[in-house]
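Data first, discussion second: the structure below is written as structure tokens.
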2 protein chains.
Amino acid sequence: MKDGVTFVILGATGDLTKRKLIPAIYHLVKNGKIGKFAIVGAARSNIQIKKILSESEKFIKNLDKKAWKKVIYFSYYHRVDFYQQEDYRQLKKFVEEIEKKHKLSGNRLFYLATMPQHFEIMTFNLAKIGLVKTKGWARCAYEKPFGEDLKSAKKINKSILKIFNESQIYRIDHYLGKELVGNISLVRFTNRILEPLWKNKHIESVQIILDEDMGVGNRGPYYDKYGAIKDVVQNHMMQLLALTAMEAPKKLVGEYIRNEKAKLLSKVKIKDLILGQYEDYKKEKGVSKKSKTETFAALKLEINNQRWKGVPFFLKTGKNLDKKQTLIIIKFKKVDCLLAKTCEFDSNYIIIRIQPDEGISFEINQKIPEKNEVIPIKVDFCHSCLFGPNTPRGYENLLEDIMKGDQSIFVRKDEIENSWRIIDEIKKRKVYSYKKGSKGPEQLNIFNKKHNIIWKQ
Amino acid sequence: MKDGVTFVILGATGDLTKRKLIPAIYHLVKNGKIGKFAIVGAARSNIQIKKILSESEKFIKNLDKKAWKKVIYFSYYHRVDFYQQEDYRQLKKFVEEIEKKHKLSGNRLFYLATMPQHFEIMTFNLAKIGLVKTKGWARCAYEKPFGEDLKSAKKINKSILKIFNESQIYRIDHYLGKELVGNISLVRFTNRILEPLWKNKHIESVQIILDEDMGVGNRGPYYDKYGAIKDVVQNHMMQLLALTAMEAPKKLVGEYIRNEKAKLLSKVKIKDLILGQYEDYKKEKGVSKKSKTETFAALKLEINNQRWKGVPFFLKTGKNLDKKQTLIIIKFKKVDCLLAKTCEFDSNYIIIRIQPDEGISFEINQKIPEKNEVIPIKVDFCHSCLFGPNTPRGYENLLEDIMKGDQSIFVRKDEIENSWRIIDEIKKRKVYSYKKGSKGPEQLNIFNKKHNIIWKQ
């Protein structure tokens, strides 16, 4: 990325910019993964870039002063009311001046770090005043959530595709920036001992778990509108599902992988679900006192293709649960029992841990010494043990790939619309209360029993 | 085994009795796996049982005095020239007296710890004078090697089967007493993630390695007559091969496993081999100065059935090599390469380590952080890490199973004859010299190149 880039961050006063985007750019600078650059933050407030940076600094560990100084030196802020075209004109001038001053080539990375209802007008205005026309490249990143249902997502897609080609559009799902998510397809398709097993003939069920141990924090207003299903199931969990279940792509590169993910998502159907809301959620800041928003969901899905016919996929997520973990659990069918006496040994499992302690483990049966019996033994490919502690590099990966023009870890139009289609089919239903720090509502037991599911973790 | 047993060990002055049999009986006593018992050692020498026991004591670690005292108290010796019927008559009287004295039930475990040329006459004489007729059970263990070729093995079988039923005959292969050998079939057939992979569609080749880092020691006279092929390939390695490659038995119990092993061995053919002899072997005590006996062998085998058509099995064994190890290595075929750039990643492996550090490991490819490439990562089911250090219990297992009447880990008539048939087909050939502590003769490289084999360890 030695030819330089201007980051134009719209929504620069928000949490995302401070917590993720600025630190990610800092890391790219520190690791020499970026050449010339400038950051132009823009938002409605009348503040100074210094303030954004000083708040952002708190989210950087072991700050390298030299790299940080460089970030400070090349960072700017410009006030923009996103609904005023004139403001965009001023922004354009401002960006051009900075590019001139720092001899930047005109590559522009627009990052819309805002809520989706602003995506259309912002994209329209950026184009209208000619900011997206540049002698370098222009690429636009749209933070999640992308819409709030299938209809709105389609509408946004239609609008922005009048301005940009799909190849310029980077729909963000930061889970795709995680190493272990990237590992899923590599592990699946470079290991002979996995591929032949990866189907309904051998797999009994799949669990995808995304548990959090914290509440909504200061995201109350946003979260109360969306809820667990739209906040994480529609995007992160559907992507994990797609990567776990997709057919082999022609090659393990962006477009082919996105083809297979989109195809897979078009076959997914929700068969049952149960919703929950943690105690005192209604007292959270920015949450309606009568809120019926779910902070917990467990779902049973089916995938209607040859590979997965008959294999239930179970998804579970929630806030304020007993632990924080993201896992994919492949449960294999049992073998025909050949043991003389007891056959009560467990199934084999492959467990892909996305966080917190990344890794892959196998659970297979082993002989008990001196007995003709077996017990399940877990063995672990601990990622951090092998490669050292993984710095949280999600957004760094994302920004780096946008600069490279590599769309592999971004969500394509058809993927996003397919996953909204799945979610849109959910009808309104009862939301059960659950205790903070618990495993979810008590009614989950009924769901579990009905579907014969034992959550592995 | 609370109903008592008399161990009648013929060849009681030999190494096996001191090093293995007495310590094994001691361990059975110590671990409460045996009730009333007596040991009657017999051999040609005119010595006392004390001497045998005091030599045996050296081979027991952390001696439990109480248990050892018990072994001493119930141990006897009787001089027998194995070719004199009168001596057997005296032995019979002696055994009966001891059984009377200790109120033993008459269960008799005969252990022929001698060379195979004596098996027929000894069995004949034991029967002739009526020692094998008892009010309890009579079972007879034959130490390996069982014969020296197919013809002699058949002859012994024919003779001893006139005296005993096959159900009374326990042909010893002490490798079958090892935990990890017992684990092979349990692991293969209780894990869904292994069984579907276990065939030529997915497996490229199999290696069975039994390397030793010591010379022939004081076994010169025996070894020089037998050599590596008859000393370990015909028995231990053929058993490992059979357990690794056999079809699923109806149940994981003795007769069914032996059925499948025998069937498998009937399909094995040696395709090529190379022999070696370590430097200065001819100077070993008891070895002919002109010896052409092999102390090293590498073989290529094929198994002529549907499962293994096209999969070469490579066997390698030798004395005075660079390490001591017994391993089974399953090398999988590569997957179709889907990576964008390089596809030079390695195959998957499953490695079953029999000794010294028992365990099973998987080698699978994992993503390299920040790259779209993979590297092989080894992960280990370390047996001793899970179950604690494994005391060398081979003979303890064997004796215990004979007492139980469980023939699972003993070699049946058809197995032994099938494996001699395989070995008998080897024609005389050149024996290449190799340096002590090396990997075998240099000519092994030619063999390796010819058959495209890279020894994994």
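The values are calculated or read from the model by the stated rules, or taken from the named source; none is laboratory data. This one's a predicted model, so the numbers in the text were calculated from it and none came from an experiment. Cβ sites come from the backbone with ideal geometry, for glycine too, and all protein chains shown count toward neighbours. The accessibility values were calculated without ligands, DNA or RNA, using every heavy atom of the protein model including side chains. Shrake-Rupley method; radii C 1.70, N 1.55, O 1.52, S 1.80 Å.
Evaluation of B:ILE47 against the conditions (1) open to solvent by 40 Å² or more (accessible area, probe 1.4 Å); (2) touching a Lys or Arg at 6+ places or on another chain (Cβ under 9 Å); (3) assigned to a helix (DSSP H, G or I) shows that the sole unmet condition is (3). Touching a Leu at 6+ places or on another chain (Cβ under 6 Å), more than 14 Å from chain A (Cβ to nearest Cβ), under 23 Å from B:GLY440 (Cα atoms) and β-branched (Val, Ile, Thr), is that true of B:THR293? No, not satisfied.
Among the candidates A:ILE422, A:ILE352, A:ILE368, A:ILE402, the residue that is within 14 Å of another protein chain (Cβ to nearest Cβ), hydrophobic (A, V, I, L, M, F, W, C) and within 24 Å of the chain's Cα centre (by Cα) is uniquely A:ILE352. Among the residues of the range B:392-411, write down those that are in contact (Cβ under 8 Å) with a residue 12 or more places away in the chain and open to solvent by 30 Å² or more (accessible area, probe 1.4 Å). Those that are in contact (Cβ under 8 Å) with a residue 12 or more places away in the chain and open to solvent by 30 Å² or more (accessible area, probe 1.4 Å): B:LYS404, B:GLY405, B:ASP406, B:ILE409.
For beta carbons closer than 9 Å, sequence separation of 6+ or different chains, a first residue in the range B:81-95 that is in contact (Cβ under 8 Å) with a residue 12 or more places away in the chain and a second that is open to solvent by 40 Å² or more (accessible area, probe 1.4 Å) and assigned to a loop (DSSP other than H, G, I, E, B), the qualifying pairs are B:ASP81/B:ARG44; B:PHE82/B:ARG44. Considered as a group, the residues in the range A:175-201 that are open to solvent by 10 Å² or more (accessible area, probe 1.4 Å) and outside any helix (DSSP H, G or I) include one that is nearest to A:GLU143 (Cα to Cα), and that residue is A:LYS178. Only one of the listed residues (B:LYS267, B:LYS230, B:LYS263, B:LYS271) is in contact (Cβ under 8 Å) with a residue 60 or more places away in the chain, open to solvent by 30 Å² or more (accessible area, probe 1.4 Å), away from chain A (no Cβ under 12 Å) and not polar (S, T, N, Q). That residue is B:LYS230.
Only a single item in (1) outside any helix (DSSP H, G or I); (2) out of contact with any Gly (no Cβ under 8 Å at 6 or more places or on another chain) is not met by A:ARG258, and it is number (1). If the condition is being at pLDDT 95 or above and open to solvent by 80 Å² or more (accessible area, probe 1.4 Å), then the range B:412-438 contributes B:LYS430, B:LYS435, B:LYS436.
Counting only helices (runs of 4 or more DSSP H) that sit completely within the range A:66-172, those holding 2 or more residues that are closer than 16 Å to A:GLY11 by Cβ and open to solvent by 30 Å² or more (accessible area, probe 1.4 Å) correspond to A:119-128.
Name the residue, out of B:ALA24, B:ALA42, B:ALA12, that is assigned to a helix (DSSP H, G or I) and at pLDDT 95 or above. Result: B:ALA24 is the single residue among B:ALA24, B:ALA42, B:ALA12 that is assigned to a helix (DSSP H, G or I) and at pLDDT 95 or above.
Residue-wise test of (1) away from chain A (no Cβ under 14 Å); (2) surrounded by 23 or more Cβ atoms within 10 Å (Cβ to Cβ).
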{"site": "B:TYR222", "(1), (2)": "yes, no"}
{"site": "B:ALA245", "(1), (2)": "yes, yes"}
{"site": "B:LYS251", "(1), (2)": "no, no"}
{"site": "B:LYS289", "(1), (2)": "yes, no"}
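Scanning the range A:15-50 for residues that are in contact with a helix residue (DSSP H, G or I) (Cβ under 9 Å, 6 or more places away or on another chain), closer than 29 Å to A:GLY217 by Cα and aliphatic (A, V, I, L, M) turns up A:LEU16, A:LEU21, A:ILE22, A:ALA24, A:ILE25, A:LEU28, A:ILE39, A:VAL40, A:ALA42, A:ALA43, A:ILE49. Per this entry, A:ILE454 is counted among residues that are out of contact with any Ser or Thr (no Cβ under 9 Å at 6 or more places or on another chain) and open to solvent by 10 Å² or more (accessible area, probe 1.4 Å). Scanning the range A:86-143 for residues that are more than 16 Å from A:VAL5 (Cα to Cα) and small (Gly, Ala, Ser) yields A:ALA113, A:ALA127, A:GLY130.
Screening A:ILE360, A:ILE377, A:ILE328 for residues that are within 21 Å of the chain's Cα centre (by Cα), over 26 Å from A:LYS61 (Cβ atoms) and modelled with pLDDT under 95 leaves exactly one candidate, A:ILE360.
Of everything in the range A:171-205 that is among the hydrophobic types (A, V, I, L, M, F, W, C) and within 7 Å of chain B (Cβ to nearest Cβ), the residue that is nearest to A:VAL253 (Cα to Cα) is A:LEU186.
Here is a check on your reading of the model: is B:ASN320 crowded, with 24+ Cβ neighbours inside 10 Å, of a type in the set (S, T, N, Q) and more than 17 Å from the chain's Cα centre (by Cα)? For B:ASN320, the condition - crowded, with 24+ Cβ neighbours inside 10 Å, of a type in the set (S, T, N, Q) and more than 17 Å from the chain's Cα centre (by Cα) - is met. Checked against the criterion of being closer than 30 Å to A:LYS436 by Cα, out of contact with any Gly (no Cβ under 7 Å at 6 or more places or on another chain), within 14 Å of chain B (Cβ to nearest Cβ) and surrounded by 20 or more Cβ atoms within 10 Å (Cβ to Cβ), the candidates A:ILE328, A:ILE360 yield just one match: A:ILE360. All of (1) assigned to a helix (DSSP H, G or I); (2) open to solvent by 50 Å² or more (accessible area, probe 1.4 Å); (3) under 22 Å from A:ASP15 (Cα atoms) hold for A:LYS61 with one exception: (1).
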